[in-house]
1. Among the numbered conditions (1) within 24 Å of residue 71 (Cα to Cα); (2) among the small types (Gly, Ala, Ser); (3) in contact (Cβ under 8 Å) with a residue 60 or more places away in the chain, tell me where residue 158 comes up short.
2. From the list 127, 150, 114, which residue is farther than 21 Å from residue 38 by Cα and surrounded by fewer than 21 Cβ atoms within 10 Å (Cβ to Cβ)?
3. Does segment 96-117 hold any residues that are touching a helix residue (DSSP H, G or I) at 6+ places or on another chain (Cβ under 8 Å) and among the hydrophobic types (A, V, I, L, M, F, W, C), and which are they?
4. Would you point out which residue out of 141, 110 is out of contact with any Phe, Trp or Tyr (no Cβ under 9 Å at 6 or more places or on another chain) and modelled with pLDDT of 90 or more?
5. Sort out which residues of segment 1-60 are in a loop (DSSP other than H, G, I, E, B) and either modelled with pLDDT of 75 or more or within 30 Å of residue 75 (Cα to Cα) (or both), and write them in order of number.
6. Which of the residues that make up segment 61-106 are over 24 Å from the mean Cα position of the chain (by Cα) and not in a helix (DSSP H, G or I)?
7. Can you find a residue in segment 98-111 that is surrounded by 21 or more Cβ atoms within 10 Å (Cβ to Cβ), hydrophobic (A, V, I, L, M, F, W, C) and within 19 Å of residue 153 (Cβ to Cβ)?
Amino acid sequence: MSSDIGNKLNGISNDLKDQADKTQQKLQNLFNQNKQLSNAEIVQHLRLGQVIANFLLAFVLLSASDRLGLLSILPPFILNALNIFLTGKRWYHQVDGRYDVQTMVNSRDFGEKAKHGLVVFAGLLLALLVHFMSPKTSSGFVMSGLFSLADFLAILLGGICTGYEVFEGLKIEKNRRRSSVNPAAWYGSK
């Protein structure tokens, strides 16, 4: 009699354990689905950060123009304004850089490759040019620190955004080429 009760209790506890595991798995799946960002959202956040960092950099350059001279800050300021324009335009229009990478890889025309390559790498290249062309500021700890922070963020976010777009574009291109070579993939079989 006691073994029947023990078996029933073991069965009930196993059922409860299975239900708890299933519920835990459902909650983890739900949490993971809501936590993941799409590729477009990640790139949009990176570009917005780039635009903000470049605006901060432009502000610091303009505020230091009286101490450094207008002619010394004009070239980096113009390049920074160009970076704000290009990155801001790609952010506002939600341009997909993966397409540009795929076009850059697949095109046989050098002009087409150069155009799409320049668009993909423009944020990083312009941030690096601004970094190397900017005069070194020693006009106070706050302005020098803000300049260094904004400069570092512009380069870092430009590099991350460029790297992410190139990685995702090449990954899609690799999968496309793999599926075009494998006839079994055309019909959905593995």
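The values are calculated or read from the model by the stated rules, or taken from the named source; none is laboratory data. If you're wondering where the values come from, they're calculated on a predicted model, not measured in any experiment. All Cβ positions, glycine included, derive from the backbone under ideal geometry; neighbour counts span all protein chains shown.
1. For residue 158, the failing item is (1).
2. 114
3. 101, 104, 105 - these are the residues of segment 96-117 that are touching a helix residue (DSSP H, G or I) at 6+ places or on another chain (Cβ under 8 Å) and among the hydrophobic types (A, V, I, L, M, F, W, C).
4. 110
5. 38
6. 64, 69
7. For segment 98-111, residues surrounded by 21 or more Cβ atoms within 10 Å (Cβ to Cβ), hydrophobic (A, V, I, L, M, F, W, C) and within 19 Å of residue 153 (Cβ to Cβ): absent.
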